[in-house]
Amino acid sequence: MSAAMAVAGQRVLGWGGRAAALCRGLRTGLPRLQDTAGAAAKETEKQSATEQSSSILQRNSMRWDGKVYEEVPIAHIKATYNNTHIQVVSFDNQPFSRTSCGTEGFQNAKKGTAIAAQTAAMAAAVKARTKGVLHVRVMVKGLGPGRKAAIKGLTMGGLEVISITDNTPVPHNGCRPRKARRL
């Protein structure tokens, strides 16, 4: 193995004296690394189960408003081509607010625009803020034009977005699609 490292060092740095010094360093460094790794493995075996579980809890200590990630409310955004629905629910699916572009007064083709989605998201955020929601996780579903605008509307309405998850259903070549539209 050390011969392979010597050849690799010579190829990288050329055939000069520096290559020989590098190879000597690699040969002496490898046993040291193995000793260090062995010592670290022995230390982890000595730790009891309670110490390991406390270290796991320390890693997941991020909190928003005193709540862990799983207890932060969720904002569901369904962005279709013709409308955008926004619903803010608690972690156990108790609704805080629900709006869509149609309930905000947009009609017909205007419901499927980014401005309408942003306005609906701002209204949902304001309703959720009155019920004490400050931070949300966002779950986006659909490919409509209101995807990004709705997330921006939530932040403009006063909610802090913690994470964005895309839940758009993607078929694995299941059903036959509709025939192509002719223009």
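The values are calculated or read from the model by the stated rules, or taken from the named source; none is laboratory data. Since the structure is predicted, the reported quantities are computational estimates derived from the model, not experimental observations. Quick reminder, even Gly has a Cβ in these numbers, built from the backbone with ideal geometry, and neighbours come from all protein chains shown. Please note that ligands, DNA and RNA were not included when accessible areas were found on the heavy atoms of the full protein model with its side chains. Shrake-Rupley method; radii C 1.70, N 1.55, O 1.52, S 1.80 Å.
A few points about this structure:
- Surface listing: C101, C175 arranged by accessible area from highest to lowest gives C175, C101, probe 1.4 Å.
- Angstrom value of the Kirkwood radius, inverse mean 1/r, which spans all Cα pairs in region 56-123: 13.4
- Only Lys, Arg, Asp and Glu carry charge here, each on its Cβ (+1 for the first two, -1 for the last two); on that basis region 60-100 has a dipole of about 160 debye about its Cα centre.
- S100 exposes around 10 Å² of accessible area when a 1.4 Å probe is run over every protein chain in place.
- Carbon + sulfur, % of accessible area of region 104-183 - ligands and nucleic acids excluded, 1.4 Å: 55
- Against the criterion of solvent-accessible heavy-atom surface with a 1.4 angstrom probe, Y69, Y81 sort, most first, into Y81, Y69.
- Amide H contacts under 5 Å for F96: V88, V89, S90, restricted to partners 5 or more places along the chain or on a different chain, H placed in the peptide plane at 1.01 Å from N.
- Accessible surface of F106 - all protein chains present, 1.4 Å probe, nearest 10 Å²: 50
- In this structure region 73-183 gives 64 Å² per residue of accessible area when probed at 1.4 Å with all protein chains present.
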